[in-house]
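Right, one structure below, let's go through it.
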Ligand SMILES: Nc1ncnc2c1ncn2[C@@H]1O[C@H](COP(=O)(O)OP(=O)(O)O)[C@@H](O)[C@H]1O
Ligand SMILES: Nc1ncnc2c1ncn2[C@@H]1O[C@H](COP(=O)(O)OP(=O)(O)O)[C@@H](O)[C@H]1O
Ligand SMILES: [Mg+2]
Ligand SMILES: [Mg+2]
Ligand SMILES: [Mg+2]
Ligand SMILES: [Mg+2]
């Protein structure tokens, strides 16, 4: 069950993972993208932190909205509107249900609508979708989903320009999404 | 005594020396100039060759004029108008005297007038002048004149921008002038 | 991290300092929209009653896009981080400032980031009852077009799109007319590029790819996206042949058509090389009985300090388009 | 020889192919003078009754000088080999073509080659009874000026000289008036540069000098002439401070004076860096209470693909000069 407190912890944990793996994410984005995914996510998470810090006694909806706006107004890259839309959808839904599984599901729907990608297109959807549909979220589920993007051919995003040459590389947005859900698992009391 | 025939031989010999030392001359021009003296002289000597080839039974004046125009219209760098003016002055004088010493002297005067340099300014003048004033032209005279430019500080031409840092380098125009006079010595019947 | 050999201060400040330097150097053309990295024409009086034209995208493509702000071309432009789309709030601010009641037309380059961020901005503007239409420019023929992918990238041809819609807007065209013009022209604008070296994003500090001392790459994008083939460096003549062939395969060149040509330097390629390339291009077009009716050579859509050239052909099937191309403008960079 | 990574054909043909590419790309502005590498305005009718302005010099400085041919600026320009003065016969052809009976004014950069070749051309023209006057631009303050040396070099400030004499000529000024204007303005134009990398002359095939990966050089010329100091790369702010100090030492900056500013990219420096430099420059000038009344930022007097920037200050002690600077022109590159 998501609360204001554990959601903040989750995002702070995600922030740390992004900070730690910033260069790795940009490196992943180099052969099949434009080499900035780590920088984009770092800028976005700094935005999220600032945006969360400005809140005074927020409810869960206000918190999700702040997270979304932090990402949307700081990233710019494809990942910004996508992560941002996911959290916006969670903001809309969280007055109705605070179950992580439900919120991830609406987040996934938002990403798919915003970006037009579907499963197998070698995008972050390929992590969000297995995670949203897993009966129990484990690090193995995440790791398998992330790893599976390696053999896919990209159909959306910059990597799609490469056609078959996109095969053989992990999708950077899938890897960062993996960190998001690992951070979720690591946050006590959410799942 | 200069004749049409030995002047042609002299210039052909000079052409070969320029061709052979083109890269060296440009290298000399690199630390204290703009690295093109070899290329400039090569372009000029190709011009001289073409211009001489167009002549039909020329007299000595026509030949000197053709040499001058070949240099003037092809080089562009400082060396073009300077060598060109020297040969133009020889063209003017050669109806009066065909003695090498006399002609070199009017050539020198032309260079000094065109470029405003005087002895000790670290230019081609520092080879033309000792050569023009030597009682007997030998390879030693030439070599000593060329070598003496090394310790001079440039007062004219691009090298002058360097001030004291121009000291310690041979002057490229002095070196190419050295080839001109070495070619002269090597041409039978002139001196 | 290796020192980046660039004339900059803190890498994270390049965009804000650049925008500031640009607007303060050219106050007669543009000014900053407060609290954004968006810029708008400073001659606001002459914008009255006209459709606003807004473009933008990642920074690093200077003089695009802000260099084309001014009478007859863009009303406003938004500068994202280097090689990164601007964010919806900034684009929205530009749309709002550009709207004069007749609506705003967006010129967007086809990258998923740009498309999504401009889309979100459009949603925001429509909530304010601002009419917004847009064109997604996708002129880069190096990338296979397909319904199942992101499709082609938007590159240098975008500048020609700016020019024609800007001219139409200045002449009083309606939003619908501008949309029709853009949609009609779009399929006739095709671009292909070759790179000799890659760009270094200041915050990244190393080049997007590396080419050997004698290697070039055909079909690269404007963000160091890889191209379709690597080869040993060729003569300008052979580069022109390769790029023209590629354009011809995409859309057969027609001897009886009128073409506009944009030869675009990618940032570090001297004009000397661009003019030599143009010489060879005009020779080879002449051999196909094609004489361009309009031509521009220079740095218009760059990729920071990438060395390379792109070639854009714009098949002027509608004779009005040439008038839009030659319509006078007042900008920093056209 | 190592392969030169440039978009060229045979190195010895770069100038003729470049000139050809330029004139064929922009026939509305310029055309070639037959059998030369000199170019002249193609709108010859509008030149009638005006003093001709002729400039030129070595190639490799594009868009200088031919990019400034056109109404309101140069009448003709002569392109020498790369970094090498044009020859007298070519300059003479340009003078002859530019003369409309009121004489011709030559703008020459202070290099011994240029000075001597233009001088010889002047002699030839005077034999034809063409009145010729000239100015020798020597704006580069990096070089000590002295009666006993060649004196200062002519660099980017030359473009501002082109602009003002071109505007005066277009407004009907006489040869004597133009000469007076040029002579009055000359001492107020000062330039200083910094290089991050050197240029490679195509026929030479290797750079004129080499700087380490983290080294810069102050005071370089536009032909890879060495400068006055090498240092580790600095922030843009510190570069601006160094260059402004140098200009200030040369001619103390006056808070109550009006200045025109030219920030000039040397060829491979992206506009991004030039705008950032301009941002820092305007900050530091503002701190001295100086607000430029005219500013240009871009590649105007380049050194092939050298990376670097030059800064020119033009102290507008005569208020007419600002009018000349803003006078409208029709050229490829202003
Ligand atoms: N249309 C899309 N739908 C879903 N995810 C996408 C889409 N386009 C891109 N992505 C994701 O975004 C990631 C790239 O993000 P980032 O590098 O930050 O943006 P950009 O591609 O604009 O540089 C990709 O790895 C992919 O996971
Ligand atoms: N004013 C001058 N008087 C005499 N000789 C000069 C003068 N200026 C330059 N030179 C000579 O010209 C040489 C350089 O020639 P070159 O490299 O071909 O021309 P540029 O300096 O124009 O590149 C110098 O080494 C010097 O000997
Ligand atoms: Mg990316
Ligand atoms: Mg030289
Ligand atoms: Mg990106
Ligand atoms: Mg030279």
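Every number here is computed from the coordinates shown, using simple stated rules; none is lab data. Just so we're clear, the structure is a prediction, and the values are computed from it rather than from any experiment. Positions of Cβ are backbone-derived with ideal geometry, glycine not excepted, and every protein chain shown enters the neighbour counts.
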If one builds a Gaussian network model of chain B from Cα atoms under 10 Å apart, the most fluctuating residue listed among B:172, B:130, B:58 is B:58
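Under 1.5 on a/c is rounded, so check that first for the range B:1-100, then, if it is not, pick prolate when a/b is larger than b/c and oblate when it is not; a ≥ b ≥ c are the square roots of the alpha carbon gyration tensor eigenvalues.
Prolate is the answer for the range B:1-100, as a/c is 1.5 or above and a/b outweighs b/c.
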Taking every DSSP bridge whose two residues both lie in chain D, the antiparallel percent to the nearest 5 is 55
Projected onto their principal axes, the Cα atoms of the protein assembly as shown stretch, largest extent first, over whole-Å spans of 113, 60, 56
From the Cα centre of the range C:253-286 to that of the range B:11-84, the distance in Å is 35
Expressed in Å to one decimal, the Kirkwood Rh of chain D from all distinct alpha-carbon pairs is 19.9
Ranked output for segments C:153-160, C:49-56, B:2-9 by mean other Cβ atoms within 10 Å, highest leading, reads C:153-160, C:49-56, B:2-9
So the angle from the long Cα axis of helix A:139-148 to the longest Cα principal axis of chain A, reported in degrees to the nearest 10, equals 30
Beyond 24 Å, the calculated P(r) of the range C:241-334 holds a percent of Cα-Cα pairs equal to 23
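Average the reciprocal distances over every distinct pair of alpha-carbons in the range A:19-177, invert the result, and give the Kirkwood radius in Å.
Kirkwood hydrodynamic radius for the range A:19-177: 15.8 Å.
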In a Gaussian network model of chain A with springs linking alpha carbons closer than 10 Å, the residue among A:125, A:75, A:141 that fluctuates most is A:141
Connecting every pair of Cα atoms under 10 Å apart in chain A and solving the GNM, the largest mean-square fluctuation among A:26, A:135, A:177 falls on A:135
Counting other chain Cβ atoms within 10 Å of each Cβ in B:27-36 and taking the mean gives 5
Using alpha carbon centers only, the range C:289-306 is separated from the range C:45-96 by a whole-angstrom value of 21
Here, the range D:42-181 modelled as identical Cα point scatterers in vacuum has Debye log10 I(q)/I(0) at q = 0.09, 0.11, 0.13, 0.22 Å⁻¹ of -0.23, -0.35, -0.49, -1.41
Calculated from DSSP helices alone, with each H run of at least 4 adding -39500 (n - 2.57) and the total divided by the residues of chain D, [θ]222 nm to the nearest 500 comes to -9500 deg cm²/dmol
Tilt, helix B:4-32 to longest principal axis of chain B (alpha-carbon atoms), in degrees rounded to tens, equals 10
Extend 7 Å from the Cα of residue D:229 along its Cα-to-C-beta direction; within the range D:300-318, residues with backbone N under 20 Å of that point are D:308-313
Restricting to Cα pairs under 8 Å and 6 or more apart, the percent relative contact order of chain C works out to 18
Inter-chain shielding metric for D:22-28, i.e. average beta-carbon neighbours from other chains within 10 angstrom, reads 6
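Peptide C:85-91: average number of partner chain Cβ atoms within 10 Å per residue? Walk me through the numbers before you get to the answer.
On the way: counts 7, 1, 14, 7, 4, 2, 1.
If you average over the peptide's residues, the count of other-chain Cβ atoms is 5.
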Relative contact order as a percentage, the range B:4-186, C-alpha pairs under 8 Å and 6+ apart, gives 21
Measuring from the longest principal axis of the C-alpha atoms of chain A, the long axis of helix A:172-186 (C-alpha) lies at a number of degrees, nearest 10, equal to 30
Taking alpha-carbon centroids only, the range D:176-207 lies from the range B:112-191 a number of Å equal to 29
